[in-house]
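Heads up: the structure comes next, in structure tokens.
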Amino acid sequence: MRKSVSKLVAVAAAAALVLSGCGGGGSNTTSTTAAGGDTTTEASAENGGAAENVTPAGDPITDLVTWETTNREIETFNILYSQLATDLQVLTNLTDGLLSADAHGNLIPALAEEWGSEDGGITWTFKLREGVKWVDVNGNEKADCNAQDFITGLEWILNYHKNDSANTSMPIELIKGAGDYYEYTKSLSAEEAQSMDNSKFLEMVGLSAPDDYTLVYTCVSEKPYFDTVTLYNCLYPAPKALIDELGVDGFKAMNNENMWYNGCYTMTSYIQGNEKVMTKNPMYWDQDCTLFDTVTVKMVESKDVLYNLYQSGEIDNVDLTESNLTTINNNPNNEYYNQLVERRPTKYSYQIHFVYAKNNEDGSADTNWNTAVKNTAFRQSWYYGLDLETFYARTNAINPLKCENNAYTMKGLVTMSDGTEYVSYVENLLGLKAYDGETMRRLDATKAQELKAQAMEELSAQGVTFPIAVDYYIQAGNQTAIDTATVLKQAISNTLGDDYVTLNIKTYVSSLAKEVREPRLASFYINGWGADYGDPQNYLGQETYGEDNAYYSVNYSLANELTEADGEIYEIYNKFTEMVNAANAINDDLDARYKAYAEAEAYMLQNALVVPCYYDIQWQLTRVNDYTKSNAMYGIQNTKYKNWETSVDAYTTEQYDAIAAAFEASAN
């Protein structure tokens, strides 16, 4: 149901600036219990969960036209190498893996028709479907896709000199011998490692193929959630013949024209920063599914231009900026008033990620910020004092507090055996007040002021000067990002105080990684993480200390560079890491495992190593029924343009409410 936005009219135009990713930005969650035990799973490949008895608005769309912002352009076509949601949301349409998920987040077959474990999750067997083809960009058959391609793919992932350590964390943690093989290849010269075939890999790693259509994975211990890992690209296939044709460097740097495809589309046109066109794969294995003839992705500088494109019929869906949403919602006579629909939450949990080793623009260490951010009271004053309601309104002006996030892990990832949802358990450990729909649940102005005073006293004694300069970067020329950052700056000023901190809004031209991350210029980032598989480890493992595969500790917070000389922050990170690793070791009792992770997560948040920020729940005008899309809270498949119900006429608010109600009823 819609609410009035009149009290928010003064806040400027919508959609928060974020990086989203599996790595570097984001993931989404749906309640999922991992399969396992003594049975083999067999399920329909149909996209279950579509609302029944709800009539679409009009005829289905045959050629979909959608959009993406230019700061989220694809960086690689190699699905094994990427750890970014910006890449994987495209590449999932070009390559299929073993399993997928339906609209309720349930695992369903993809290239594997049957799967299961007979020993509690130590050994997993996947029976592959026959007749799957690799094709070129024009849909011409190149080779069969079979078990050998999955072996080649995992060897590539674990070979240090082929994949630069990308996507190694999950196989190393889960699969027997994977870590040993990674270290073995790391000890070799680049020439030796790159010339290796699969023989040494098969000797060392727990993956075998009894025949061309059977895969057997052996885990390091009971891993009852291992089948959820197949939805992430670390277990995806790679055709050896293509690697032989292009060479190691060529395969790593392949493009849409020379790569091979086994997914539902090939990318027949790619103009960087402008447009992508995906065309239905004529040899796709699932001939019973619903696909578009073409999917065109238009790249735009910012979301401000999208509304005009939608009005002119050039795109089929639009996320509304706050100004557009407010204009429509406040005028019942607006042509789009009865077409406003709220999107389902994405799978990403967004956080404020502090940087612990920031530099000034001249390359020198920013001692003032680095000293301050290592102070626990300073970070906690942000956690308890920063009121983000106006910032949430940038994403959802009608129901801003629906975007409130108080945990690190995304809601719905896992559920305990008694029905307790994991994030709810974390929130109980944090002692959060009940939701009242009026204010953020963790806000405590009195406590925040006490922590601020404590931090200022402790930091002044260490030579820190106030107000502390806080540098926050957005893409130049993106008006939506500028407006959002301005709202964030005002929120920080209003709730933390200009005598304490001052937010400096700075810009980069085209590459956040090269222009900001690598020279270490930002004080914090707002990033989203989406799980790669159905277990809290995939969230918390990104923040642990001293581990090469902890994505945020290595690439954003730079927490791995903390030393004993840094005092309390070093001790907190080490204790948190010990708690996560203790939870990792619990494999025979999922409830105990989840509770141990929850305690580690609560400890991390109580010490504000990161500050939970928001959920992405936007309003839109659309010709697409979101409730027919894949919607697992892990993996890369949710943006696959497959089995979508669409309408050439936009859905109305009334239709969407009926669709949502029918969908929820079908889940019960």
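Take the residues in region 595-617 that are of a type outside the set (A, V, I, L, M, F, W, C) and open to solvent by less than 10 Å² (accessible area, probe 1.4 Å); name whichever of them is nearest to ASP96 (Cα to Cα).
Per the criteria, the residue is TYR615.
In the set GLU183, GLU155, which member is part of a helix (DSSP H, G or I), free of Cβ contacts under 8 Å to residues at least 60 places away in the same chain, buried (at least 18 other Cβ atoms within 10 Å of the Cβ) and of a type in the set (Asp, Glu)?
Within the list GLU183, GLU155, the selection yields GLU155.
Quick check on my filter: what residues within region 209-239 are over 29 Å from the mean Cα position of the chain (by Cα) and not hydroxyl-bearing (Ser, Thr, Tyr)?
Within region 209-239, ALA209, PRO210, ASP211, ASP212 meet the criteria.
If you go through region 261-276 one residue at a time, how many are charged (D, E, K, R) and open to solvent by 40 Å² or more (accessible area, probe 1.4 Å)?
Of the residues in region 261-276, 1 are charged (D, E, K, R) and open to solvent by 40 Å² or more (accessible area, probe 1.4 Å).
In the list ASP244, ASP249, ASP293, ASP288, which residue meets the criterion of being at pLDDT 95 or above, in contact with a strand residue (DSSP E or B) (Cβ under 7 Å, 6 or more places away or on another chain) and surrounded by fewer than 19 Cβ atoms within 10 Å (Cβ to Cβ)?
When all the criteria are applied, what remains is ASP293.
If you scan region 188-220, which residues turn out to be within 17 Å of ASN538 (Cβ to Cβ) and open to solvent by 10 Å² or more (accessible area, probe 1.4 Å)?
Answer for region 188-220, where residues must be within 17 Å of ASN538 (Cβ to Cβ) and open to solvent by 10 Å² or more (accessible area, probe 1.4 Å): just VAL220.
Using the structure shown, decide if ASN258 is surrounded by 15 or more Cβ atoms within 10 Å (Cβ to Cβ) and touching a Phe, Trp or Tyr at 6+ places or on another chain (Cβ under 8 Å).
Criteria not met by ASN258.
How many residues are surrounded by 21 or more Cβ atoms within 10 Å (Cβ to Cβ), among the aliphatic types (A, V, I, L, M) and in contact with a Leu (Cβ under 7 Å, 6 or more places away or on another chain) when one looks only at region 356-397?
So the answer is 4.
Of all the residues that make up region 423-441, how many are touching a Lys or Arg at 6+ places or on another chain (Cβ under 8 Å) and touching a residue at least 40 places away in the same chain (Cβ under 8 Å)?
Within region 423-441, residues that are touching a Lys or Arg at 6+ places or on another chain (Cβ under 8 Å) and touching a residue at least 40 places away in the same chain (Cβ under 8 Å) number 2.
Take the residues in region 338-355 that are open to solvent by less than 20 Å² (accessible area, probe 1.4 Å) and not hydroxyl-bearing (Ser, Thr, Tyr); name whichever of them is nearest to the chain's Cα centre (by Cα).
This residue is LYS347.
Go through region 417-430 and count every residue that is out of contact with any strand residue (DSSP E or B) (no Cβ under 7 Å at 6 or more places or on another chain) and open to solvent by less than 10 Å² (accessible area, probe 1.4 Å).
Qualifying residue count for the region: 2.
Which residue out of LYS629, LYS575 is among the basic types (Lys, Arg), open to solvent by 30 Å² or more (accessible area, probe 1.4 Å) and closer than 30 Å to GLY385 by Cβ?
LYS575
Is region 306-320 home to any residue that is open to solvent by 40 Å² or more (accessible area, probe 1.4 Å), of a type in the set (Phe, Trp, Tyr) and at pLDDT 95 or above?
No, because not a single residue in region 306-320 is open to solvent by 40 Å² or more (accessible area, probe 1.4 Å), of a type in the set (Phe, Trp, Tyr) and at pLDDT 95 or above.
Pick out the one residue from LEU558, LEU540 that is among the aliphatic types (A, V, I, L, M) and either open to solvent by less than 10 Å² (accessible area, probe 1.4 Å) or on the phi < 0 side of the Ramachandran plot (or both).
None of the others qualify; the one that does is LEU540.
Test TYR356 against the criterion of being over 21 Å from ILE61 (Cα atoms), among the hydroxyl-bearing types (Ser, Thr, Tyr) and part of a loop (DSSP other than H, G, I, E, B), and give yes or no.
yes
Out of the residues in region 131-142 meeting the condition of being touching a Leu at 6+ places or on another chain (Cβ under 8 Å) and either open to solvent by less than 30 Å² (accessible area, probe 1.4 Å) or part of a helix (DSSP H, G or I) (or both), tell me which one is nearest to LEU215 (Cα to Cα).
VAL132
Determine which member of the set ILE172, ILE108 is open to solvent by 10 Å² or more (accessible area, probe 1.4 Å) and either among the basic types (Lys, Arg) or part of a strand (DSSP E or B) (or both).
Of the residues listed, the single one that is open to solvent by 10 Å² or more (accessible area, probe 1.4 Å) and either among the basic types (Lys, Arg) or part of a strand (DSSP E or B) (or both) is ILE108.
Working only within region 437-467, note down all residues that are touching a Leu at 6+ places or on another chain (Cβ under 9 Å) and open to solvent by less than 80 Å² (accessible area, probe 1.4 Å).
GLY437, THR439, MET440, ARG441, ARG442, LEU443, ALA448, LYS452, PHE466
Hey, can you tell me all the residues within region 69-102 that are farther than 30 Å from GLU155 by Cβ and at pLDDT 95 or above?
Residue satisfying the conditions is ASP102 alone.
Considering only residues that are part of a loop (DSSP other than H, G, I, E, B) and free of Cβ contacts under 8 Å to residues at least 24 places away in the same chain, look in region 261-287 and name the one that is farthest from the chain's Cα centre (by Cα).
This residue is GLN287.
The values are calculated or read from the model by the stated rules, or taken from the named source; none is laboratory data. Since this is a predicted model, take the numbers as computed values, not measurements. Neighbour counts are summed over all protein chains in view; Cβ atoms, including those assigned to glycine, are modelled from backbone coordinates with ideal geometry. To get the accessible areas, we keep the full protein, side chains included, count just its heavy atoms, and leave off ligands, DNA and RNA. Shrake-Rupley method; radii C 1.70, N 1.55, O 1.52, S 1.80 Å.
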